[in-house]
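Okay, so here's the structure we're looking at.
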Amino acid sequence: MSQAAEFKDKGNQAFKAGKYQDAVKWYSQAIQVDPRNETLYSNRAATYSALDKHPEALADAEKCIQLKPEWVKGHFRQGVALFKMGKYDLATASYKKSLEIDPNNEDIQNKFNEARALMKKQADNMAPNRIRDPEECKKIGNTQFKEGKYEEAIGWYSRAIELTESNPTDETAVYFTNRAACHAQGHSFKQVISDTSQALAINPKNTKAYLRRAMACEALEKWQKAVDDYKKVMELEPGAQAATEGYRRAQKYAREL
């Protein structure tokens, strides 16, 4: 038996006995000998979780994923740590990845369902102005959009815009485009055009913004503007079926004017 395997075995015995501090010590010694063994990081992550040391567990899970990306345990350990840290949206994503690797694992499915339910509850009870991370705002907005809560989603995307508009990036354009999708659900087509135009001012290659603006122009019977935007989508993304169909439709009405 190698020295790393010997240390790992002692760590396993300590873990089973509930001696988690000892288990951490043995797994750490094994890692020093064999630092590219993903199982050692997975085992130590489980031990840190048992000690309620969730940031440490997360770090080990991420190292495990780095060493073996398609191994289910790394993503599972990551999900457990994130869940315990109250980061339910990220935990949901980790469990989802675990299920992609092991789709018939009932335990992971149950944990995924629990994390997703708490993610939705957390989003419902959270105020946008309390969040300082625009990407977090976008994720919550996406969750609300999928739930059909378009007004709530608008609030989250608006917060993401507010946090980035002083130094806008391509992501800011995405926030405008996502908010436009919410306005489209409420048939607020002038607001769709406003948001997509602001998105395109930031990123002129945002095909979703052109497509959503074209559809809004159609709804307002601004046929030539719709033709121009559909044509732009076709130039940027050849073969886009929605743009091709929209272009033909809008062009037909534009010619009749």
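Show the residue pairs that are 6+ apart or on different chains and have beta-carbon atoms under 7 Å apart, the first residue being within region 106-124 and open to solvent by less than 70 Å² (accessible area, probe 1.4 Å), the second being outside any helix (DSSP H, G or I). Sorted first by the residue in region 106-124, then by its partner, the pairs are Ile108/Asp102; Lys120/Glu147.
Taken across region 230-246, residues that are over 31 Å from the mean Cα position of the chain (by Cα) and acidic (Asp, Glu) do not occur at all. Of the residues making up region 29-44, those that are acidic (Asp, Glu) and in a helix (DSSP H, G or I) number 1. Count of region 92-115 residues, restricted to those that are within 14 Å of the chain's Cα centre (by Cα) and within 13 Å of Arg77 (Cβ to Cβ), is 3.
Looking across region 88-101, just one residue is among the acidic types (Asp, Glu) and surrounded by 15 or more Cβ atoms within 10 Å (Cβ to Cβ), and that is Asp89. Annotation note: Cβ proximity below 6 Å between a residue of region 71-87 that is open to solvent by 40 Å² or more (accessible area, probe 1.4 Å) and a residue that is at pLDDT 95 or above (sequence gap 6+ or interchain) occurs for Lys73/Ser42; Arg77/Ser42; Arg77/Ala45; Arg77/Ala61; Lys84/His54; Met85/His54. Within region 135-160, if we keep just the residues that are surrounded by fewer than 15 Cβ atoms within 10 Å (Cβ to Cβ) and assigned to a helix (DSSP H, G or I), the residue that is modelled with the highest pLDDT turns out to be Glu151.
Residues of region 1-28 that are assigned to a helix (DSSP H, G or I), modelled with pLDDT of 95 or more, open to solvent by 60 Å² or more (accessible area, probe 1.4 Å) and not acidic (Asp, Glu): Lys8, Lys10, Gln13, Phe15, Lys16, Tyr20, Gln21, Lys25. Only one of the numbered conditions (1) open to solvent by 50 Å² or more (accessible area, probe 1.4 Å); (2) out of contact with any helix residue (DSSP H, G or I) (no Cβ under 6 Å at 6 or more places or on another chain) is not met by Asn37, and that is (1). For region 165-257, the helices (runs of 4 or more DSSP H) that sit wholly inside it and include 3 or more residues that are open to solvent by 80 Å² or more (accessible area, probe 1.4 Å) are 189-202, 223-236, 241-256.
The values are calculated or read from the model by the stated rules, or taken from the named source; none is laboratory data. Keep in mind that what you see is a predicted model, and the values were worked out from it rather than measured. In this analysis, Cβ positions are derived from the backbone assuming ideal geometry, glycine residues included, and neighbour counts consider all displayed protein chains. Areas reflect the complete protein model, heavy atoms only, side chains present, ligands, DNA and RNA absent. Shrake-Rupley method; radii C 1.70, N 1.55, O 1.52, S 1.80 Å.
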